[in-house]
Structures are given as C-alpha cells and as structure tokens.
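To keep things clear, I will list the structure first and then write my remarks on it.
The values are calculated or read from the model by the stated rules, or taken from the named source; none is laboratory data. Keep in mind the model is a prediction, meaning the values are calculated, not measured. Every residue, glycine as well, gets a Cβ built from its backbone with ideal geometry; the counts of neighbours run over all protein chains shown. Side chains included, ligands, DNA and RNA excluded: accessible areas come from the protein's heavy atoms. Shrake-Rupley method; radii C 1.70, N 1.55, O 1.52, S 1.80 Å.
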Amino acid sequence: MTNSSTNMRLKLPITCFILEIILIILFGVLVVYDHDTDAKLFNKNMKINNSTAGGNDFYYRYPSFQDVHVMIFIGFGFLMTFLQRYGFSSVGFNFLIAALSLQWATLMQGFFHGLHEDGKIHIGVESMINADFCTGSVLISFGAVLGKTSPLQLLIMAVFEVTLFAVNEYILLSILGTRDAGGSMTIHTFGAYFGLMVTRILYRPRLEQSKHKNSSVYHSDLFAMIGTIYLWMFWPSFNSAVTAHGDPQHRTAMNTYYSLAACTLSTYAMSSLTAHDGKLDMVHIQNAALAGGVAAGTAGEMMLTPFGSMIVGFLAGIISVLGFKYLSPILEAKLKIQDTCGVHNLHGMPGILGAIVGAVTAAVVPKEVYGNGLEKVFPDVASGERETSFQAGIQAISLAITLAIAIFGGLIVGFILKLPVLGAPRDNACYEDSVYWEVSLIKQDSWSQTV
Amino acid sequence: MTNSSTNMRLKLPITCFILEIILIILFGVLVVYDHDTDAKLFNKNMKINNSTAGGNDFYYRYPSFQDVHVMIFIGFGFLMTFLQRYGFSSVGFNFLIAALSLQWATLMQGFFHGLHEDGKIHIGVESMINADFCTGSVLISFGAVLGKTSPLQLLIMAVFEVTLFAVNEYILLSILGTRDAGGSMTIHTFGAYFGLMVTRILYRPRLEQSKHKNSSVYHSDLFAMIGTIYLWMFWPSFNSAVTAHGDPQHRTAMNTYYSLAACTLSTYAMSSLTAHDGKLDMVHIQNAALAGGVAAGTAGEMMLTPFGSMIVGFLAGIISVLGFKYLSPILEAKLKIQDTCGVHNLHGMPGILGAIVGAVTAAVVPKEVYGNGLEKVFPDVASGERETSFQAGIQAISLAITLAIAIFGGLIVGFILKLPVLGAPRDNACYEDSVYWEVSLIKQDSWSQTV
Amino acid sequence: MTNSSTNMRLKLPITCFILEIILIILFGVLVVYDHDTDAKLFNKNMKINNSTAGGNDFYYRYPSFQDVHVMIFIGFGFLMTFLQRYGFSSVGFNFLIAALSLQWATLMQGFFHGLHEDGKIHIGVESMINADFCTGSVLISFGAVLGKTSPLQLLIMAVFEVTLFAVNEYILLSILGTRDAGGSMTIHTFGAYFGLMVTRILYRPRLEQSKHKNSSVYHSDLFAMIGTIYLWMFWPSFNSAVTAHGDPQHRTAMNTYYSLAACTLSTYAMSSLTAHDGKLDMVHIQNAALAGGVAAGTAGEMMLTPFGSMIVGFLAGIISVLGFKYLSPILEAKLKIQDTCGVHNLHGMPGILGAIVGAVTAAVVPKEVYGNGLEKVFPDVASGERETSFQAGIQAISLAITLAIAIFGGLIVGFILKLPVLGAPRDNACYEDSVYWEVSLIKQDSWSQTV
C-alpha cells in the first residue's frame, strides 16, 4: 500500500520539528501574557468574596472555550470517522493539524489584530477561542480533501490557510467593522470554499479506484454521530464565545439553540422526502442537522428573535439536504470537485445563507430595538459613524471579499499541494488508514471482515 | 423489511413540516427575549470589570445547561445504542424527538408558568434548561417503547407528553408549591410511568419474533457506556441546574455526586450477587448505577447531607438491580409491559424513592437547620405560610398526582399511537434500523457478521 | 475461563457493601457542608444582581470540576479500552474504583488537611476536585496493572493508594509548602511509580499465554481515542482547577493548552521517525500526546510563559514516545515490570520532568516578575518566609519524597494483592472481559471474528 513517496519517516518529523521550533522561537520573541493572565498586573484589591477576581475574563469565556475546544477535536474529529477504513486518519490528522493551527493562529491573529503598543502579542482566553475558531476553518477544508491527502500536505495547507484566514478576518472585523461573531463568513464560508478549491485542483480522475472505501459501515456511522451530536450541542457556545459579555452572549446562544432545533426537524423531513422509500440517510442527519448553527453564525448576536432563528435554521436544513442529494453529484461530475464530507452543503451554502441573514437582519431591525445595547452589537452604528443600512452593505461586501480570498487562496494552495514530494496517496490507496498508520494485518483483516 | 405503512416518505416530512411551521408561528406570536437576553433592557452601567454584566443569569446557568444538554443528546441517545441493530434509531430518533420536544416545551411551559403581564412568553437560559428537562421526560418514555415504534409515533407521543408534562409541572410547582428541582417526580416518575403505560397499550404478544435482536453485542455495549458515563458525570449539574443561586446549587450538585458514588458501589455489589457465577452484567452497570441521581432529584437541594445522600444512592442502586433482575420479567409476563430499556428500574422506582426521600427530608429536617437560607429551599415555609410537615404532605400528594397524570395520560396516548397510519414496525421487524434507515446490504451483512 | 477463585459472587458484594457502609458511617460522623454549601451560613444580603451570590465558589470551580470529572470517568475509562477483549473491564472497573476512591479520598484528604476546629471535615466543590484528583492517581496505577487483576484486587489497591496519596499530598502541600497545582508529583509521579511497583510485585512470568489479547483491534483503538482526546482537551482545566482564583487559574489553563499543542507535534514527529516505514503508531498518539499536560502540572501556574510551556510540551512528547519505543521493552525484559498502558511513559517520566520544570521555574524566574501576584503562586516567598531558591529546593525534595512513598507503598500493596483469595485471573485469562463479566457466547464469537 505504501510507496516511497508516501513514506513519511523523514518528511513528517522534519516538517513537524521545523514548524514547532519556529513557533517556539516566535512565541518567545512576540508573545506575552495579557492583563488577565499575567501575575504582575494582578490587582491586589481584587478578592473573590467581596468583589472582582470574578472580573477575570476567564470566568466569562472559559466554559465557552472548552465547548468550542470539544467541537474542534471531538466534533470535527469524529464527524469524519464515518469512512470505513479512515478512522485513525480522521481523528488523528484532525488532531495533528488542529494542534499546529491553533499555535500558528495565535501568532497570525495576534500579528494582525492583537499587537499592542509594546510590539507584543498579548494572549488570554479570548485569543485561545479565536485560535480554535481559525483552526475550525482549516478542519472544514480538511473535510473537503478527506482521504486524499498526506499528513504533510495537510500541515502545509494549514500553515497557508491560517495565514489567509487571519488576513480575511482582519479585513472584515478590523478594517470594515463587519459583525460575524459565530463566523458564518470568516470561518464557514472561508473554510468551505478554500477547501473546495484545493480539492478541485487536486482533482483525481481515477478516484473510482478507491470508491469502495469512500463509504461508511455501521459502526463508523455511530462513531460519526458522536461528532455530530457534540457539534450540535455546543454550537450555541461556538456562536456566542466571543460576543460582548452579558445579553449578546446569552442571546446568541439562545438563537443558535432554536435555529438548530428547527434545522433538525427540516433535515429529517427532507432526508425522508428525498429517498424513494422514505428512509432516513445517515449522511444527512450527520451533517445537514448542523447547518442551522452555521446559518446563525452572523445574525445570532443580533435581535434576530427565536422566531427568526427558527426560520433560518429551518431553511438551512432544507438547503443542506438538497445540496447533498442533488448538488454534490453535479459538482463532482461537472466541476470536478470531489468533496468527501460535503462541506459545501454543511459549511458553504449555509455559511452564505448566514452571511445574507446577517446583512438582512442588520438592515431591517431598527436600531431602536437594541436600545442601550446597540453599542455591544453594532458599535459603529451606536457611535453614529454609520447607519444600519450601511452596516448591512458592509456585511454583504464582506461575503464577497471572503469568497474571493478563499477561492483565490485555495487555488494557489492547491497547486502547492500538488508537489509530489508531499507524498499524496495513490488513487487506489485513498480513504485508507494503512498508508500512513500502523494497522496490523490482523486488524486489517478484521476490518475487512466487518465491511 | 418495509411494507407500505412503514414507508415514511410522505408521512414523516409532512408531520415534521407542519409541526415546525406551527412552532415557528407560535414563537412569532408568543415568544420574546427575557430581561437577560434582550438588548434593549441592557443596563448601560453594567460593566464587566467593576460590576455586574456578571449578573446576567447566563454566567450562573449556562455551564449547567450545557451539561444537561449533553445528558439529553449524548447521554440518553447513546445509552440506548446497546441494542445490536438499533444504533441509528437510538441516537437518531432521540435526536429528532428531542429537537421537537424542546421547542414545544418552551411554549407549553411558557404558557403554563412563564406568561408575563404582556401576554408573552419570556425566554432565556432558565427556560432552555426547563425545556431540556421536559425533553428528558419524553426520552425516558422513548426508552420504554424503544425498538417498537415508528418515528412518526414518537413525534406524536412527544407532542402529547410534553403537554401533559407541563400540566403536571404546573400543578406541582406553581399551584402546590412542591419542591422538585431535579425532577424525581416531574421528570423521572412522570416519564417512566407514562412510557410504561404507552408500552402496555402497545403490547405485542408476538414480539418474540424479534427477540434475537433485543440484545446487545460487544461494541454496542461500549457505545452504550458512553451514554451511561455522561449521564452519571453530569447528573450533579442536572439536579442543580434550576435551584436557587448560591449554596442550594452548590449543595445539590454535591449531594448528587455522593449519591451516585454510593449507588455505583451497591450496583456492582448487587449485579455480582444476583448472578449465579458472580459475573457483572452490563445492563445493571449501564442503568442501575444512575439510579442514585434519580433518587436525589427532589431532596438534593435540601439539607440532606452527604451522609443522607449516600444512603439514598446506596438504596437506589440495590432497588434498581433487583428490579432489572426480578421485577422486569414479571412485569412483562404478568402485566404485559414490554419495557425495552427497563425504565421502570432506572426512572420509575428510583423516582418514587426520590419523591419519598424528598417528603421525609422536608418533614424531619428542622427549619432551623436552614437558617437564613430557608427561603431559597422552602419559600412557603420561610414566609410562614406553611409548616415543614405540611410541605412534606404536599410533596407526598405531588407524587400521587404525578403518577395519576402519567398513567392516565400514557393510557390515552398509547391508544392514539395504535393508529395504523402511524406506521409501527411489524412484530418481526422490531429493534431493527433498516425499517426506517438506509442501511446498505453490505453494512447489514457486516453487522450480522458481528452479531 | 473462570475458576472458583475468580468467582466474585460473594467476595465482591461483601467487599463493596462493607466499604460503602464504613464510608457512610464515617461521612455521618465526620463530614459536614462547608461555608458555601451550607444553607445556614447563607448571607441574606447576597443577591445575584447587585452583588455576590456569585461569590460562591461553585461558580469559579464547578465548570473546571466537571471537566476533571470527564477526564476521570471518560478520559481514563475509554483510554484503556484499546485492548481488544477488555473494554467492559476498562470502562467498568475504572468506574467502580473511581466511585470508591472519590468517597474515600474525601475522608482521607479531609482528615489530613481539611479538619476544622470543630473536628469535622468541611466539603464543597474544591474538595470534590481534590477527591477526583486523588482518584486520578489510582486510575494511573490501574493502567499499569490493566488486564491482570480482579475487581477485588483493584478495590483493595484503591483503599491503600488513596490513603498513601493523602499522606504524600499532606507532606508536600501542607508541611513543605510545595507548589503542585496540577499534580505532576502528587498525582502523576505518585500514581505511576506506585502502579509500576505493584505490577512488578505481581510479575507474571507466563503472561505470554495471554499475549495475543494484549493488543488492540481497529474499533478498540477508536474507542481509546475518545479517551485520549477528552484528556487532551480538558487538561488545561485539570491543571488549573485548584489554583488561586483569577490570573493563576487563567494562566495555568493557557500554559497547559500550549504545552499540549507543542507536545502533539513532537509526538507525531517521533512516532513517524521511530518506525521503519514512517507510519504513525496509535499507541504513541493515544498516550504521548498527553505528556505535555503532565509535564505542565507543577509549573503551569508559575510565570512559565507560553514559550516555556511549549518547550516543556515539546520535550515531554519526545521523551514519552522514546519511552514507549525503547524503554518499556527493557523495563519488561530486565526489570520484570509489565506495564500494560505504559504509564511510565505517559505519567512517570513526564511527571518527573514536570517536577523538575517546576523546581527550575521557581528558581530562575525572579519574584519581581510576579509583582503583586506573588502571594497567589508562592505564598511563602511573598510572606518573606523563604527565597525562591529555597522554594526550588523544596520542590526538588518533594519529588524525592513522592518517589519514595510511591515505590515503597507500591511494594507493600503489591504483596497484599498477591493474596490468592482476591481472585486474580489465571495467566491465560488476562486481558479478558469474560472472566468477570457476562459476555454471551455469541458476543464472544463476534468479538473473535473481529479480532
């Protein structure tokens, strides 16, 4: 199953070591504790029982951070174990590239919007959440190329994608003042279209040689449901993790909760409706039921209302199942986009929907509805700098910018990943753990037996 | 495996769409953000570092909410995957009916005890926890009928059960002033006896045709342990999620923790003791070890002491194993109650035990023990309206009312579910995913192979 | 597979009942609610919206507690399911001995450093975390003897180990003023060397009779990854769970996060580098990637900086993989230490590394770096009682003491566990669930089929 190029013995260790050593040096030079993590800046008067060590942001963000963390490592990792012979790689490569990405993202995001006057990047729980967010975007792209890349290719992809993610995020959030707390644009749309372009460039005309392994078995579908359910449960924490404290965080979590619930109903309905015998399809349940979280990523913090959230989730589920059923085969046949996990249906279209919902919500909800709370959601409107209609326009432009950077970036990175030295698997060895993992023959047999 | 009646192609989508559209309309008309989720009501003076955005209830309830959420979707969902051919349905139907129930519960609970003077239902994190609680009750009933119902029957059951749950909860908590923070009565006793009545009415005399599938295989038992362990770990959060802030929440979590630990010891002891060869039975470990959480559901917030909690848990484990071993076969043979998951042993009897413990604790702990904190646990006693003995009587009466509503309600709903149009599986196609799910023949074979 | 001695029908129930009854009695006599869990001590003026029910420690510790709880029951439990025929025992015995240990630890830790002037042990969320920590140590030792002991042996081991853990912890934290918030010494080094001595004494020269079962199959490795990933994600919560409030807790979590990320990169690198064909080994990924958490256990709360944390994690990953690859076979062949899970590589050496890093960090970081925050990290230095160099010496001595107590304790307890009445499995029945668990023949067959 292996050939010389897929032998990672020198390539992978050297790459990991070099990357980690660079990271360590850059952290040594650039990164310092922020106000809430540094011992020196501790205000002696803060005492827990009669005031405000509770003011440390740790207590407002850390539970959300851990929920996001579970989504990144368990959620994404296990969602992708649905493939019958690719469980080690799904969880294991997810683990590897996430561990790299969160470190690199700390630097890139810090460089673009965290540098303080002292020229240092100050970090704490909020930067940890943002690093995990950026990592999520890389993992979405991983879903598009799942089963067809070496760990080395994935590491290289992660380095570039994190960088471009930080650029796009900087343009949107810092320059344009776009609102996108849950990342419908910055995370989902960006990650999906970046990954789709990469997989387009890496198109394999003879991939049908591995076709029989590009499917699930009974147990692998159950493992994947662990990922699905964790993503579903913690999505309210994801969308609300970096909103302003207080009602915006509370409201975002609640909007997302109802969007997801409505999405689940429409997903089941559509899955049954689009099957000739009315049977439910695990692919839809595992993926489309999450589209409601993606689609609430921009407007979740706004006064979308639970009612509005449910409509958004309801539509997202419908669009997503239709995408899996009818659009994905077309994308593969006509546009040569082999999208293993269907990220276009879970992150791409619902991300665009979310961006549009965000722009529309910004436009149609009068600012009076926000009262005093306006500055927490639309600070530029509250300060009188812009009108809500202008904000809506900015939201729409941001979607276009995100798509442009993602598509153009994915194109370039796709070509880089074609370098033969990176050790991609042969066409007949895709979706197969044994190329990069020790899987003893006995284990392999047992596995075949259960196919 | 399918016949025309079990084909869900039109029935399931139509039902899901109609239900979701009704929900969306009712949310649009009736539901608004509460004080802590509405932007307008934000007090500009709240600033995180020198006071009280930290006062937003989000920060006191949301971590508990997420723990409860995990119990509902992972805990219940995976606990039921113990069946060898019913994993998709266990996790998948659990997911579907929970997503419906939490929306419907928001309305029903809001209607009964959340309506404000403006005629609207005000929602926030506390209503989300209560909606999840109500959902838990539906999932307990699902456990009783597991493997023998169509998704359509389950949706219909959920709609009725949520409604009756809200009625019972209203009578207990709002009219009678019953204390039942962790829901020994409102959630566990109600859900169990409701489900037992439903399964009684749906009695299948020829169910032995599916007998060989009504059991576990090695891997399915491991998947089920994921559910068990999550339920066990987060039960302290469940029982304390809606108690008063401060010491009651803290105390409830701790009481439950010790109750569960003691219950685990007695469960292992009884499981070994009741086996002729002393071997442990996974069914007991998966279920009875949780009975300590159920039994601490009412008294957990009271001054039960860790010592008292451990006695309660210890007894609950013993009762539950004995139920699985000796009572369940009798219930099936004599009373024609086919209780797939043994919810009578995990939720029914321990729920009643919990209700009794609550009444006794209310009666025997002098109110002086509560000091200033009395109003948080027994507000009606603190206000002088009633004595502790009267409160104890109320607790006992509440158990009787709960049983009556659950049994009568389950009876009616059971008859409704007998409608042939709802597409129940045939007697020889119970406990079988392939009736309602795409399970390719290859997958099916592999599955048989591993049986 | 069973013989009379492994029949647990009387032994296990009697032991469980006696232990639990003793626990209940001792709790009744000795244990009371602490200030934050007792209703009576509630300060009526505390109101959630304009002050300080939020001052209840529950809100600062409980989310961390639940993360630790998940590590203990899911993390350790599933990490050990990697064995092909030992999943029930891995999760199930983990569950049993953890439930016992946390109760016994409450008493032992309370006795040694929680007794108040009233002669009672006052408990709350912090004691719950500490009880879980002590339990973690027992589970590490369980990893060393995994597959070779009866549940009865494990219960006996737990009783003794918890006691010795509390003694060692008392000497370190209370007498010497050692800093070890995340337990590199008290938990990991102690648990590992204790377990290694026990397994040394229980050495089985004919263990190769069960050799074929001392390995994983495809699915069991995926179950184990659930444990790994949860341990990895929540380790920041583990190390920070009992540090001082505010910046120390925040900083510890962040240091651990970066240590783990760097450790993951070096683990993958070394796993590939040490394989002749460059393929990754699941054993390394499942274990060595966690060494960064262990190694940050002592210094995590200090001003280690993210940069320093990453170096520590990077080294820990390298050491751990090298241990699995080269040292473990030597330990087994030369020192007759049969270390099933390789706890020496995950907890032993990284624990020692963590202790050394703690001593060095205490020595080299000038106290000025801590500013006002010094008293939260090094109270004895802040009070002027000792210099940082003296603190560093104390840290080093503490490692020696821990090793001495662990090794000597493990030696004694190992001999106690050799009592034939405790029902250890025969040499040809190790790593085998069916000795102590109901596993029907059909299930057993299926399992063999998938081997």
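A:PHE234 fails exactly one of the following numbered conditions: (1) closer than 30 Å to B:LEU155 by Cα; (2) open to solvent by less than 10 Å² (accessible area, probe 1.4 Å). What is the number of that condition?
Answer for A:PHE234: the failing condition is (2).
Could you check segment C:318-415 for helices (runs of 4 or more DSSP H) lying wholly inside it with 3 or more residues that are within 30 Å of A:ASP38 (Cβ to Cβ)?
C:349-364, C:374-377, C:379-382
For a quick check of your reading of the model, give me the residue pairs whose first member lies in segment C:31-58 and is more than 7 Å from chain B (Cβ to nearest Cβ), whose second is assigned to a loop (DSSP other than H, G, I, E, B) and at pLDDT below 50, with beta-carbon atoms closer than 6 Å and at least 6 apart or on different chains.
Final answer for the pair search is C:THR52/C:MET46; C:GLY55/A:ASN49.
State which residue is most open to solvent (accessible area, probe 1.4 Å) when the search covers only segment C:212-231 and only residues that are facing chain A (nearest Cβ under 8 Å) and outside any helix (DSSP H, G or I).
C:SER215
Taking into account only those residues within segment B:253-271 that are farther than 26 Å from C:SER440 by Cβ and of a type outside the set (A, V, I, L, M, F, W, C), which is surrounded by the most Cβ atoms within 10 Å (Cβ to Cβ)?
Across segment B:253-271, the extreme among qualifying residues is B:SER259.
Consider C:SER127 carefully, then state whether it is under 12 Å from the mean Cα position of the chain (by Cα), hydroxyl-bearing (Ser, Thr, Tyr) and at pLDDT 95 or above.
So C:SER127 fails the test.
Just to be sure I understand, how many residues within segment A:182-210 are open to solvent by 10 Å² or more (accessible area, probe 1.4 Å) and under 30 Å from A:PHE390 (Cα atoms)?
The number of residues fulfilling the criteria is 1.
Restricting the search to segment C:297-317, which residues are more than 18 Å from A:LEU23 (Cα to Cα) and either of a type in the set (Gly, Ala, Ser) or not in a helix (DSSP H, G or I) (or both)?
Scanning segment C:297-317 gives C:GLY297, C:THR298, C:ALA299, C:GLY300, C:MET302, C:MET303.
Select from segment C:124-181 the residues that are free of Cβ contacts under 8 Å to residues at least 40 places away in the same chain and open to solvent by 10 Å² or more (accessible area, probe 1.4 Å) and list them in ascending order.
Scanning segment C:124-181 gives a single hit, C:ILE175.
Closer than 26 Å to A:SER266 by Cβ, touching a residue at least 40 places away in the same chain (Cβ under 8 Å), buried (at least 23 other Cβ atoms within 10 Å of the Cβ) and touching a helix residue (DSSP H, G or I) at 6+ places or on another chain (Cβ under 8 Å): is that true of A:VAL357 in this structure?
So A:VAL357 fits the description; yes.
Could you list all residues from segment A:6-26 that are touching a Ser or Thr at 6+ places or on another chain (Cβ under 7 Å) and more than 16 Å from A:ALA99 (Cα to Cα)?
Within segment A:6-26, A:THR6, A:MET8, A:ARG9 meet the criteria.
Looking at this structure, is B:ILE74 touching a strand residue (DSSP E or B) at 6+ places or on another chain (Cβ under 6 Å) and either within 11 Å of another protein chain (Cβ to nearest Cβ) or surrounded by 24 or more Cβ atoms within 10 Å (Cβ to Cβ) (or both)?
No, not satisfied.
Say we look at segment C:272-300 and pick out the residues that are within 9 Å of chain A (Cβ to nearest Cβ) and buried (at least 24 other Cβ atoms within 10 Å of the Cβ); which of these is farthest from the chain's Cα centre (by Cα)?
C:SER272
Go through the residues of segment A:186-203 one by one and say whether even a single one is farther than 30 Å from B:GLU432 by Cβ and without any contact (Cβ under 8 Å) to a residue 24 or more places away in the chain.
No, every residue in segment A:186-203 fails to be farther than 30 Å from B:GLU432 by Cβ and without any contact (Cβ under 8 Å) to a residue 24 or more places away in the chain.
Could you check how many residues of segment A:301-316 are facing another protein chain (nearest Cβ under 8 Å) and not hydroxyl-bearing (Ser, Thr, Tyr)?
Residues in segment A:301-316 being facing another protein chain (nearest Cβ under 8 Å) and not hydroxyl-bearing (Ser, Thr, Tyr): 6 in total.
Taking C:PHE234 and the conditions (1) in contact (Cβ under 8 Å) with a residue 40 or more places away in the chain; (2) more than 25 Å from A:PHE78 (Cα to Cα), which numbered condition does it fall short on, given that it satisfies the others?
Evaluating C:PHE234 over (1) in contact (Cβ under 8 Å) with a residue 40 or more places away in the chain; (2) more than 25 Å from A:PHE78 (Cα to Cα) leaves (2) as the failure.
Residue-by-condition table, conditions (1) open to solvent by less than 60 Å² (accessible area, probe 1.4 Å); (2) under 15 Å from B:SER184 (Cβ atoms); (3) over 15 Å from the mean Cα position of the chain (by Cα):
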position	(1), (2), (3)
B:SER320	yes, yes, yes
B:ALA333	no, no, yes
B:THR340	yes, no, yes
B:GLY351	yes, yes, no
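Residue-wise test of (1) within 24 Å of the chain's Cα centre (by Cα); (2) modelled with pLDDT under 95; (3) buried (at least 24 other Cβ atoms within 10 Å of the Cβ).
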position	(1), (2), (3)
C:LEU12	no, no, yes
C:ILE21	no, no, no
C:VAL29	no, no, no
C:TYR33	no, no, no
C:ILE48	no, yes, no
C:SER64	yes, no, yes
C:ASP67	yes, no, yes
C:PHE82	yes, no, yes
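For segment C:237-247, give me each residue that is at the interface with chain A (Cβ under 7 Å from one of its Cβ atoms) and crowded, with 24+ Cβ neighbours inside 10 Å.
Correct list: C:SER237, C:GLY246, C:ASP247.
Applying the selection to segment A:421-442, what residues are open to solvent by 30 Å² or more (accessible area, probe 1.4 Å) and over 17 Å from A:LEU207 (Cα atoms)?
A:VAL421, A:GLU438, A:SER440, A:LEU441, A:ILE442, listed by residue number.
Can you spot a residue in segment B:78-89 that is within 10 Å of chain A (Cβ to nearest Cβ), touching a Leu at 6+ places or on another chain (Cβ under 7 Å) and not in a loop (DSSP other than H, G, I, E, B)?
Yes, some residue in segment B:78-89 is within 10 Å of chain A (Cβ to nearest Cβ), touching a Leu at 6+ places or on another chain (Cβ under 7 Å) and not in a loop (DSSP other than H, G, I, E, B).
May I ask you to verify whether C:PHE58 is open to solvent by less than 20 Å² (accessible area, probe 1.4 Å) and either modelled with pLDDT under 95 or more than 30 Å from B:LYS279 (Cα to Cα) (or both)?
yes
Name, by its number, the condition in (1) within 13 Å of another protein chain (Cβ to nearest Cβ); (2) of a type in the set (A, V, I, L, M, F, W, C); (3) open to solvent by less than 10 Å² (accessible area, probe 1.4 Å) that does not hold for C:PHE324.
Here C:PHE324 meets the rest and fails (3).
Look through A:GLY373, A:GLY414 and report the one residue that is open to solvent by less than 30 Å² (accessible area, probe 1.4 Å) and modelled with pLDDT of 95 or more.
A:GLY414
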